[in-house]
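Enquirer: Structure provided below as structure tokens; questions to follow.
The values are calculated or read from the model by the stated rules, or taken from the named source; none is laboratory data. Since we're looking at a predicted model, the values are computed, not measured. Here the Cβ positions follow ideal geometry from the backbone for every residue, glycine too, while neighbour counts run over all protein chains shown. Just the protein is used for accessible areas: all its heavy atoms, side chains included, with ligands, DNA and RNA removed. Shrake-Rupley method; radii C 1.70, N 1.55, O 1.52, S 1.80 Å.
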Amino acid sequence: MSITGPQVEKIKNIGLEEFMAGTEIISGIVPITGAITDYTAASIAAKLGVLSRLIAGGDSVIDVLTLRMYSCPGGDVDASFAMLDILHNFCAEHELSLRVEAYGVVASAAIMIMMQAGDIRAVGQNSVILIHEPRMFIFDETKTSDLKDIKQGMDMMSQMIFKLMADRCGKTLKEVEDFVDRRERWMTAQEAKDWNLIDEIM
């Protein structure tokens, strides 16, 4: 993308970071970084709202929506599933395919949910991938009945994640469960590609 004289003036007026964010949105690129949280999901929804208006006004003509992740060490499972639904609904509404790209660390929910959301999944050649069982941190007093309820909820969430991974990776549920059961699975980009977690190495 070339930068014209008027665009240079915009850079001077609004700052380079804001200008680059605008050009990314117009091009159908939605960047995120850091842990995935409720704030991340809300931010994605806001950016897609802007892109939707640009598409409706004819200012953005795209075939692919790209979620670009910069060093995402996982995060909140619920927020990740919210982002998955937000992205899929947006792509369905505007008849777009979804490309998910990741650079740096791609761990936990970032690889198990967000990478598997994409029609095309790509990571940088020097990316580091981590897969493990879903986790929950418990700080307060906990009764036995509370633990049973927590386990039931975590089992349900695990099955949702494992089914998503199995469907996208061409594996069975048991293969996915066995792969992550009680393990921290560190992988190179090539190992992730060999296991069909990703489609491309950039």
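Enquirer: Calculate the FRET efficiency for Asp181 and Glu95 from the Cβ-Cβ distance with a Förster distance of 35 Å, rounded to the nearest 0.05.
Expert: Between Asp181 and Glu95 the formula returns 0.35.
Enquirer: Let me ask something else. Taking 0.36 nm per residue of sequence separation and subtracting the Cα-Cα distance, how much length would be gained by fully extending the chain between Asp167 and Asp155, in nm to one decimal?
Expert: 2.5 nm
Enquirer: Also, quick follow-up: For the peptides 174-185, 88-99, what is the packing order when you average, over each peptide's residues, the other Cβ atoms within 10 Å and list the highest mean first?
Expert: So the peptides 174-185, 88-99, ranked by packing, come out 88-99, 174-185.
Enquirer: Taking H as built 1.01 Å from N, whose amide H comes closer than 5 Å to the amide H of Lys171, not counting residues under 5 places away?
Expert: Distant-sequence amide H within range of Lys171: zero hits.
Enquirer: Could I ask something else about it? Whole number in Å², please: accessible area per residue of the range 51-136, 1.4 Å probe, ligands, DNA and RNA not counted.
Expert: Computed with neighbouring chains in place, this is 41 Å² per residue.
Enquirer: Still on this structure, please answer the following. At 20 °C and 1.002 mPa s, what whole-number value in µm²/s does Stokes-Einstein give for the translational diffusion of the range 62-117, with Rh from the Kirkwood sum over Cα pairs?
Expert: For these conditions, the coefficient is 188 µm²/s.
Enquirer: Need the C-alpha centroid separation for the range 35-111 versus the range 152-182, integer Å.
Expert: Comparing the Cα centres of the range 35-111 and the range 152-182, I get a distance of 22 Å.
Enquirer: Mind ranking Ser71, Ser43, Ser127 by accessible surface for me, highest first, 1.4 Å probe?
Expert: Result of the area sort, largest leading: Ser71, Ser43, Ser127.
Enquirer: Next up: Please give, to one decimal in nm, the separation of the simple spin-label points placed at Lys148 and Gln190, each 7 Å out from Cα toward the Cβ.
Expert: If labels sit at Lys148 and Gln190, their model points lie 5.1 nm apart.
Enquirer: Kindly rank 188-197, 112-121, 75-84 from highest to lowest mean number of other beta carbons found within 10 Å of each residue.
Expert: So the order, starting with the most tightly packed, is 112-121, 75-84, 188-197.
Enquirer: I want the local charge near Val128. Using Cβ-Cβ distances under 13 Å, sum +1 for each Lys or Arg and -1 for each Asp or Glu among the other residues.
Expert: Its environment carries a net charge of -1.
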